[in-house]
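Written out below as structure tokens is the structure these notes cover.
Just so it is clear, none of the values below were taken in a lab; they were calculated from the coordinates. Every value quoted in this text rests on a predicted model; they were computed, and no experiment measured them. Cβ placement follows ideal geometry from the backbone for every residue including glycine, while neighbour counts extend to all protein chains displayed.
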Amino acid sequence: MAKVLRLLVIVVVLAGAAGGIYAWVGSRDKDENGNTLIEAEIGSITEKALAVGQIEPRDQFQVKSKISGIVKRCFVEVGDVVSTGDALFEIAPDPTPQELLNVDHSVRSSEAIYLKAQADYERGVELHEDGLMSKGDLDAIRESFELARLARQQASDNRDLTRSGKVSGGDTEVETIIRTSASGTVLNRSVDVGDPVVPLTSYQPGTELANVADMSDLIFKGTVDEIDVGKITEGMP
């Protein structure tokens, strides 16, 4: 019992000594009125302005299709880095039965008109050689024949485009592969295989397929309180 009492007395004495030392050290940093004293130093005062917003790429664009259909294949995933001309998606045409019927009828009709115009032109050439038709009349028949030929080619190209999404002939190259127009990183992909695609036209925005951005050039876009806006200058960190 005596040992426990002796140990308790020692602990009380040490605690009192520690409290006294702490109070003495603290009292050195205060004046007679109890104010805390600190050592004066020469330095810089930093003013901060709070802006709420987000960091985003300076240049970004949406990828859209100019042909309608469904997504047949996806060649990229979110985060992929692409270069100009890289394939992103393949669109498969999805025509309605009425559209297929219309293009087939258009091809047959244009073929019949072309054959008649061809026969008229060949007959006109023979009449002109026999001196029974003037050159002006022959030129008019030739023009009708050329227009019929172009109409037949247009109907054939339209049928190919409607059925397969590709044009096999003519000067215009059409394909179902959607390619990127600039280099960048794929930020998001809005469609998957089998999703329908509405084409981009002058009267409708079209389906957004993906979003590509140049991640090497980032900017901060946000808002600053009117109280802090006066603190902002060009070039400040």
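With the radius of gyration and the Kirkwood radius both derived from the Cα set of the stretch 96-173, what is their ratio Rg to Rh? Result: Rg/Rh = 1.15.
What dipole magnitude, in Debye to the nearest 20, does the stretch 96-173 give about its Cα centre under +1 on Lys/Arg Cβ and -1 on Asp/Glu Cβ?
340 debye
Within the stretch 53-129, the percentage of alpha carbon pairs spaced more than 18 angstrom apart rounds to 69%. Close amide H partners of A87, meaning residues 5 or more places away or on another chain with modelled amide H under 5 Å apart, do not exist here.
Our note on the geometry: Cα centres of the stretch 105-151 and the stretch 217-237, 72 Å apart.
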